[in-house]
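Novice: The structure follows.
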Amino acid sequence: MPTPQYDQSAQLIPLSFSNPAFKGLNTEMGGGIVPQEWATKLENVVYDDSGRPAVRKGWTSATTTPGSGIIKRIFEYYKADGTSEIIGSTDANIYNGLTGTAAAIEGTLTITDGNIKFVNFNDKVIAFGIGTAGIPAVRTSGNFADITVNSGTAPTSGIGTAAFGRLWGVDTDGKTLRYSSLLDETRWTTDGNGDGGVIDFSKVWPAGQDEIVAVEEFGGDLIVFGKNTTVIISDGQGASLGIDPTALYVADTIPGVGAVSQFAITRAAGDLWVLSPFGVVGLKRELVQKSTPHQNISKNIQSGIVGATDAVANKDDITLVYNPHDSLVLCIFPDVESVYCFDTRSPLEDGSYRATSWNTTLQTAEYVRGAENFYGSLTGTVGEIMTYSGNSDGGLDIFFDYESGWLDLGSEMNLYLKFVKRMTSFTFVTQNVDVTHKVLYD
């Protein structure tokens, strides 16, 4: 029987998209029939307060007189007097004054990698791995300088954190974890004047050897991330000043869930989000549910996340950052000029978060609470930081790009040849923009 063709008596069949892409981007089901609440392409998009896809803001320069080099890391140094200072690092320098005139503050230290882990500690800012022989450096004002080591041995890698009134740092062997005395960065062993110490992680990993890539505090515990395993260390009850290092024990482990870098970890939505080799996971849910790698925050864009992670040669270039003002988390892959954005207002039914992608040359970003502003740097902009504002990326236009999945009119229409007769859309704009509609046929 021949296929019925179009004739003048054929009826139009309306397809109404009342709230398209409500659940965000889904690249995992892009080859099949996807309900209208998903999008197979959702570029340069955030969600407004009504849950509608909207164009993201741009990046506008905040630096009057820039320094040299691309800003790799942005950090907010909190001071005891309630003020704060923005610090940025490049592959050759450390700067302050980035919202005015940039000034170099690395002093006599030699900087070779701008991915520096800065932490606030006892009214000082500590930078891991940039001192002589790789020990931490310290600054209160003026320039950075080596910490003074009065006892023990200071950690020698760029991996570390400040937690429970102590510094926790890792040696270059990737298995030796050292902690300082309470509120004292100069003492790293237990003696008459200090209570620092060391933990040999070659005896801690639950299944074979691993390498420490990050150390964080979460939920009153110390979390040590390997490349393939996460170890939760606790003292059982907590001391009056945080955690008691002399009573530490391994409270739990999460085999198969590691971190790709200490810069790809952020606190968001009451959880600790971690970029693992297979996607973004929430540590709270992993601890409670012991969930498998396939049940994660980024499951609907997992292939894109994994592909971008694999494409970045230096994993420390990747940034995972939370912006509480706009309720979003950015996962930034500068090598491939790719950014994934997660809306953190509420999770989807499967525990993941709705996601979009951004087409931008973003190098890194950081939310600065003192200024209540989101700052970033662009890979092609030397020596300056940008605010998340305006309608362009350093003068380059931003293009909102949305594609639905393939549509099916139902089994009763399968005998008919179909084409689009008319299309109408409502777009809310604040200025004149060009809107282009495209229709693809299978």
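Novice: How about Lys79: which lysines have a C-alpha closer than 16 Å to its C-alpha, ignoring those fewer than 8 places off in the same chain?
Specialist: Qualifying lysines at Cα under 16 Å: Lys124.
Novice: Here's another thing I want to ask about it. So if we plug the beta-carbon distance of Ser303 and Glu349 into 1/(1 + (r/R0)^6) with R0 = 25 Å, what FRET efficiency do we get, rounded to 0.05? Present the calculation step by step, with values, prior to reporting the outcome.
Specialist: Working: r = 21 Å, r/R0 = 0.83.
Taking R0 as 25 Å, the efficiency between Ser303 and Glu349 is 0.75.
Novice: Just subtract the alpha-carbon distance of Leu396 and Asp252 from 0.36 nm times their residue separation and send over the number in nm, one decimal. It would help to have the intermediate numbers written out before the result.
Specialist: On the way: separation 144, 0.36 × 144 = 51.84 nm, distance 4.81 nm.
So the chain would gain 47.0 nm between Leu396 and Asp252.
Novice: Additional query: How do the peptides 371-378, 55-62 rank, highest first, by the average count of neighbouring beta carbon atoms within 10 Å per residue?
Specialist: Details: 371-378: 21.1, 55-62: 19.1.
My ranking of the peptides, most packed first, is 371-378, 55-62.
Novice: On to the next question. Any chance you could check the Cα centroid distance between the stretch 300-355 and the stretch 367-412 for me, in angstrom?
Specialist: The distance from the Cα centre of the stretch 300-355 to that of the stretch 367-412 comes to 13 Å.
Novice: Now, a different point. Calculate, for Val433 and Thr112, the FRET efficiency according to 1/(1 + (r/R0)^6) with r their C-beta to C-beta distance and R0 35 Å; round to the nearest 0.05. Please list the in-between numbers first.
Specialist: Values: r = 44 Å, r/R0 = 1.27.
It comes to 0.20.
Novice: Across the chain, how large is the tail of the calculated P(r) beyond 39 Å, expressed as a percent of all Cα pairs?
Specialist: Numbers: 27204 of 97461 pairs.
That tail contains 28 percent of the Cα-Cα pairs.
Novice: So what is the relative contact order of the stretch 356-413, in percent, for Cα pairs below 8 Å that sit 6 or more residues apart?
Specialist: 20 percent
Novice: Return the FRET efficiency for the residue pair Asp49, Ala145: r is the Cβ-Cβ distance, R0 is 45 Å, and the value is rounded to the nearest 0.05.
Specialist: Values: r = 47 Å, r/R0 = 1.04.
With R0 = 45 Å, the Cβ-Cβ based efficiency is 0.45.
Novice: Turning to a different aspect of this structure: Once ligands and nucleic acids are excluded and a 1.4 Å probe is used, how much of Phe17 is accessible, expressed in Å² to the nearest 10?
Specialist: Spelled out: Phe17, probe radius 1.4 Å, area about 70 Å².
Novice: For the chain, which whole-number percentage of the solvent-accessible area (1.4 Å probe, protein heavy atoms only) is attributable to carbon and sulfur atoms?
Specialist: Values: 10380 of 20880 Å².
Taking all protein chains in place, the chain shows 50 percent carbon and sulfur surface.
Novice: Follow-up question, since we're still on this one. For Ser18 paired with Ser411, estimate the spin-label separation in nm (one decimal), with each label point 7 Å from Cα along the Cα-to-Cβ line.
Specialist: Result for the modelled spin labels: 2.6 nm.
Novice: Rounded to the nearest 10 degrees, what's the angle between the helix 302-311 long axis and the longest principal axis of the chain, both from Cα atoms, 0 to 90?
Specialist: Once rounded, the angle reads 50 degrees.
Novice: Take every Cα pair under 8 Å in the chain that's 6+ residues apart, average their separations, divide by the length, and report that relative contact order as a whole percent. The partial results should precede the final answer.
Specialist: Numbers: 1036 pairs, mean separation 80.3, N = 442.
With pairs under 8 Å counted, the relative contact order is 18 percent.
Novice: With the contact rule set at Cα under 8 Å and sequence spacing of 6 or more, what percent relative contact order holds for the stretch 177-287?
Specialist: Values: 203 pairs, mean separation 17.0, N = 111.
It rounds to 15 percent for the stretch 177-287.
Novice: Going down the list Lys72/Lys203; Lys203/Lys299; Lys175/Lys315, which pairs span over 28 Å between their C-alpha atoms? Intermediate results must be reported in sequence, preceding the final value.
Specialist: Details: Lys72/Lys203 34 Å; Lys203/Lys299 33 Å; Lys175/Lys315 19 Å.
With Cα atoms farther than 28 Å apart: Lys72/Lys203; Lys203/Lys299.
Novice: Which order do the peptides 304-314, 357-367, 198-208 come out in when sorted by mean C-beta neighbours inside 10 angstrom, highest first? Don't skip to the end; give the middle numbers.
Specialist: Details: 304-314: 16.4, 357-367: 21.9, 198-208: 13.7.
Result, highest mean first: 357-367, 304-314, 198-208.
Novice: Could you calculate the contour length gain from Asp244 to Ala207, that is, 0.36 nm times the residue separation minus the distance between their Cα atoms, to one decimal place in nm?
Specialist: Details: separation 37, 0.36 × 37 = 13.32 nm, distance 2.60 nm.
Length difference between fully extended and current span is 10.7 nm.
Novice: For the chain, report the accessible area per residue in Å² (1.4 Å probe, heavy atoms, rounded to an integer). Working shown, then result.
Specialist: On the way: 20880 Å² over 442 residues.
Per-residue value: 47 Å².
Novice: Sort 43-49, 343-349 by packing, meaning the average of other beta carbons within 10 Å per residue, with the highest value first.
Specialist: Sorting 43-49, 343-349 by mean packing, highest first, produces 43-49, 343-349.
Novice: Quick one: length gained pulling Asp442 to Ala103 fully straight, 0.36 nm per residue minus the C-alpha distance?
Specialist: That works out to 116.3 nm of additional length.
The values are calculated or read from the model by the stated rules, or taken from the named source; none is laboratory data. All of these numbers come straight from a predicted model, not from anything done at the bench. Using ideal geometry, Cβ is built from the backbone for each residue, glycine included, and neighbour counts are taken over all protein chains shown. Quick note on the areas: whole protein, heavy atoms, side chains included, nothing else; ligands and nucleic acids left out. Shrake-Rupley method; radii C 1.70, N 1.55, O 1.52, S 1.80 Å.
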